[in-house]
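To start, the structure itself, in structure tokens.
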Amino acid sequence: MAVCCDLEADINGEETFLLDKKIICSFSGRLSKLFGKSTGANRNKVIFNDFPGGAENFELISRFCYNKGEIDINPSNISLLYSAAEFMEMSKSVSGNCNLLEKTKKCIEELGYWTWPDLLVALKHCQEMQQVATSSGILEKCLDSIVGRLAITGEASPCASTSSPDSSGLRLSCDTRSTESLKNSFSRANWWFEDLSVLSPNLVEMLVKSMVSRKYNQVIISRFLLYYQKSKFFTASSDEKRQVLEIVIDGLYTLDPSCISCKSLFGVLRVVLNLNISKSSRNKLECMIGSQMDQATLDNLLIPSPYGTSCLYDVNLVLRFLKAFLREGGWRLSPTRMKKVASLMDLYIAEVAPDPFLRFLKFLALVVALPDSARDCWDELYHAIDVYLEVHAGLSEEEKLKICCALNYEKLSSDACVHLSQNAKFPSKSSVEALFSQQLKLKNLLQGTKNSKSDMDSPCKLNETRAKAKKGEGSEQIVLYSGRLDISGDNENLRAHLQGMQWRVIELEKLCKKMQAQMAKLMKSKTPTTHSTARSLPRLCS
């Protein structure tokens, strides 16, 4: 039978097809409505500027029409055929049961029975035609099937089945060799990483969202994202790297912070420093790192300063980490975590203090960034300030005082206070502050000594202690300063005065320790008494 060529179809300007108008219109509701029942000898022309899949896909549906509704529907063409069928209105109302739209819909419904390799093929073609696949819903269903397959535990292999029980349309087989390979690797949690690392950043974003909604293991999700970032960087351009990093960071940000190691986040940060990613993604990464600041190391924080700045290290970045730690930590900021961060910051401040280009305000911001309660001892911070003042000798007295006012003198050890009293780099007012704090310590120690003496069980113990003291056991003599402090003299006299006070405090501490040791020894040697002895004890002691 001769074939008529009375229809010319221009597809997206790519290619022109000569077709039998009667055959094509018998399957396409769109063309049927356009030409009606016209069968004139004149050739008609139709131009499509937005045909899904272009000329290659139009050729597929033309074959479907010329082959009386028969065509091979497979994972590589199902999304294109479905979109074209919708575009050309190839529905049941036009050609009855022999219509392309119903055939492709039925195959999509059986997508859950596809093998793992077939799902990957379909996903790859959805990626190439993402707009078409998204509008048709095939992409979403394919991703859901992928995630559902991954979420199943105890499955013999990712290839669950080859077809549905009553499938009369698409029959997809599972390759034996690929199945065995997947069976051998299925026990590993990351067996699928390489398969899905070929996806575009947009599809990975959709994949992660689907995984999170399905409550997939977030530790494995974070590992996949980090694997994806590394695998993509081998051949990606700068723009592609930036896009990948933004997707990875945004994906990690949606996960529970405990599922991502601090070390991994700093690894991402090192890469980010060389790329101009969006401010939103950068803020998210800094927040994630800040919330785990107590797990960081000094090496992690020693990040070189951005190009064009004179400082050695990026102090502003560390300050943002600390801000995020205090903000994001919330109720999780236990004293233990705070003290870890304080110890880390003492090391960091000591490391950056010798930098001659570190501005006074930045150094002060580091010193006061954490609350006072985060540190039990301020000695390390004092030594860092000492180094900074030595390197920055040109600071004004006002600037020095602002830094020194951040010190908690009550939490300085006696040795540190002695060192401060001799330290000409510190303002004289700091020496006075240290002296006042040591006087307060002295009063507390005196009070503690009185309490210790009054805590003896009875006057008998006091007599026993005095007897030992006469024999030379633990006898000490100390002169305590109880006069009013005179600060009207010059700085040298003041420092000498403070040194004398420090000596007295140290000697008193030694005396208290010896008295406590004696009391402990007496308590240990105490023997039980009988009832009659206990009753006569007050009379004997009187």
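The values are calculated or read from the model by the stated rules, or taken from the named source; none is laboratory data. These figures come from a predicted structure and were not determined experimentally. Here Cβ is always computed from backbone atoms with ideal geometry, including for glycine, and neighbour counts include all displayed protein chains. Note: accessible area is taken over every heavy atom of the protein model, side chains too, but ligands, DNA and RNA are not part of it. Shrake-Rupley method; radii C 1.70, N 1.55, O 1.52, S 1.80 Å.
Observations, loosely collected:
- Elements of type helices (runs of 4 or more DSSP H) in the range 297-413, at least 3 residues being farther than 22 Å from Asn283 by Cα and within 25 Å of the chain's Cα centre (by Cα): 335-352
- Condition check for Lys68: of a type in the set (Lys, Arg) and part of a loop (DSSP other than H, G, I, E, B): yes
- Single match in Ser258, Ser280, Ser264, Ser222 (criterion: assigned to a helix (DSSP H, G or I) and open to solvent by less than 30 Å² (accessible area, probe 1.4 Å)): Ser222
- Qualifying residue in the range 67-76 (condition: in contact with a His (Cβ under 9 Å, 6 or more places away or on another chain) and open to solvent by less than 60 Å² (accessible area, probe 1.4 Å)): yes
- Counting residues in the range 4-22 that are assigned to a helix (DSSP H, G or I) and either within 19 Å of Ile138 (Cα to Cα) or open to solvent by less than 90 Å² (accessible area, probe 1.4 Å) (or both) gives one or more.
- Scanning the range 296-338 for residues that are in contact (Cβ under 8 Å) with a residue 40 or more places away in the chain, farther than 19 Å from Pro354 by Cα and not assigned by the TED database to the domain that holds Phe363 yields a total of 2.
- Some residue of the range 210-220 being at pLDDT 95 or above and charged (D, E, K, R): no
- Criterion violated by Ala236 - all others in (1) outside any helix (DSSP H, G or I); (2) at pLDDT 95 or above; (3) among the small types (Gly, Ala, Ser) satisfied: (2)
- Positions within the range 411-459 being modelled with pLDDT of 85 or more, under 20 Å from Ser373 (Cα atoms) and surrounded by 14 or more Cβ atoms within 10 Å (Cβ to Cβ), in sequence order: Lys411, Leu412, Ala416
- Residues being in contact with a Cys (Cβ under 8 Å, 6 or more places away or on another chain) and either in contact (Cβ under 8 Å) with a residue 40 or more places away in the chain or part of a helix (DSSP H, G or I) (or both) - total across the range 283-292: 1
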